[in-house]
Amino acid sequence: MQIEQMETPSVAIDLDILDANLKRTAELAAKAGVKLRPHIKTHKSVWIARKQIEYGATGITTAKLGEAEVMADGGIHDILIAFPLIGANKLKRLAKLIERGVRVTVSVDSMEAARGISDVGHAAGMRIPLYLDVNTGLNRCGLEPGLPSAELALQISALPGVDVNGLMTHAGHSYGCGDAEGARKVAFAEAEALIATQQILRDKGLDVPEISVGSTPTSKFTEQLSGVTEMRPGAYVFGDGSQLYPGFIDETECAMRIYATVVSSPRPGTLIVDAGSKTLTNDVSVHRKGYGYLPDYPEIFVERLSEEHGILAVPNNCSLKIGDVVSIIPNHCCTVVNLRDELAGVRDGKLDHWMKVDARGLIT
């Protein structure tokens, strides 16, 4: 089946580009001498996660327990859950995951979260490894680097059922940088903040060996960083507008395309395609207006979305007509994936196989 013959809207992954992206990042990590622990929230696919392990990843990162459970079912047994686990039910699920022989590391940024996990570890007669989440500019989870984070790490280290094994951060604000040089500066800043915190802890008698950095843009500079032991990029597997527009990647690294059919031409300057917010998602970019990029028609903007309609702003001389199929690079590949049961894996413009989104919707 040719791509153009598939029912639209469809989400297609160029398998050759995907493979090149996986190998390139694995080689980058190996050359830098750091562990690769990719974030699977981007693809939510056991098949792709296994490929990442095959190419050298030492383990994976998940956002939620549900993702970790699915990946464990798929035979992956070294998992970082990069999200605070709060609540009795989640702690019971964590205990069951560990009972299955999975090596689970959990990120925390509070004593409350750490105590709950410590209780699980103590009951199991083990010490569960923890990463302390540190805020290096995204202003999401994590205390400030330096003394605030170091003091929390020292308090947590006194708990009986956990080991503070690493410091981690996610420099998601790097996507707001206008060019690669801006992302490079963020990469250095996040590494320096963690290493400074690590040194304070060493001076106070606590050795925290792992320095784990995240985000696809900053991962490009890992080889230039000193002291980092692990990186956790996610969106590198597919590429998207958030990486393309500021020049972190080029179109040859964009494995994901959304194919949509022109279904209406209601008025001059407007075309309607059958991909709305339930396909493209409502994510926007600070670098380009609209809800996606049409590489074959760069002058066109996805101006508005409703649930099933994509409203395109087109020039007066636009050659597109009802029935034509267009390809769109989405602004954010991760959120697109979570709206699909399957992704179409394609080679040379033809359907090769369907890839199940195993962890779709698992947000608990």
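Just checking, which of ILE13, ILE79 is farther than 27 Å from LEU351 by Cα and not in a helix (DSSP H, G or I)? It is ILE79. Evaluation of THR197 against the conditions (1) outside any helix (DSSP H, G or I); (2) farther than 29 Å from ASP19 by Cβ; (3) assigned by TED's automatic domain parsing to the domain that holds THR42; (4) not aromatic (Phe, Trp, Tyr) shows that the sole unmet condition is (1). Considered as a group, the residues in segment 22-47 that are in a helix (DSSP H, G or I) and crowded, with 23+ Cβ neighbours inside 10 Å include one that is nearest to the chain's Cα centre (by Cα), and that residue is THR25.
Tally time: how many residues in segment 224-247 are out of contact with any helix residue (DSSP H, G or I) (no Cβ under 7 Å at 6 or more places or on another chain) and free of Cβ contacts under 8 Å to residues at least 60 places away in the same chain? Summing the residues that are out of contact with any helix residue (DSSP H, G or I) (no Cβ under 7 Å at 6 or more places or on another chain) and free of Cβ contacts under 8 Å to residues at least 60 places away in the same chain in segment 224-247 gives 3. For segment 64-76, the set of residues classified as in a loop (DSSP other than H, G, I, E, B) and crowded, with 20+ Cβ neighbours inside 10 Å consists of ILE76 only.
Among the residues of segment 122-153, those identified as surrounded by fewer than 15 Cβ atoms within 10 Å (Cβ to Cβ) and not acidic (Asp, Glu) are ALA123, ALA124, GLY125, MET126, ASN139, ARG140, GLY146, LEU147, PRO148.
Of the residues that make up segment 289-312, is at least one in a loop (DSSP other than H, G, I, E, B), surrounded by 18 or more Cβ atoms within 10 Å (Cβ to Cβ) and under 20 Å from the mean Cα position of the chain (by Cα)? Yes, segment 289-312 has at least one match. Is one or more of the residues making up segment 51-73 in contact with a strand residue (DSSP E or B) (Cβ under 9 Å, 6 or more places away or on another chain), free of Cβ contacts under 8 Å to residues at least 40 places away in the same chain and over 21 Å from PHE238 (Cα atoms)? Yes, segment 51-73 contains at least one residue that is in contact with a strand residue (DSSP E or B) (Cβ under 9 Å, 6 or more places away or on another chain), free of Cβ contacts under 8 Å to residues at least 40 places away in the same chain and over 21 Å from PHE238 (Cα atoms). For the criterion of being of a type in the set (A, V, I, L, M) and farther than 15 Å from SER264 by Cβ, VAL346 passes.
The values are calculated or read from the model by the stated rules, or taken from the named source; none is laboratory data. These numbers were taken from a predicted model, which means no experiment stands behind them. Here Cβ is always computed from backbone atoms with ideal geometry, including for glycine, and neighbour counts include all displayed protein chains.
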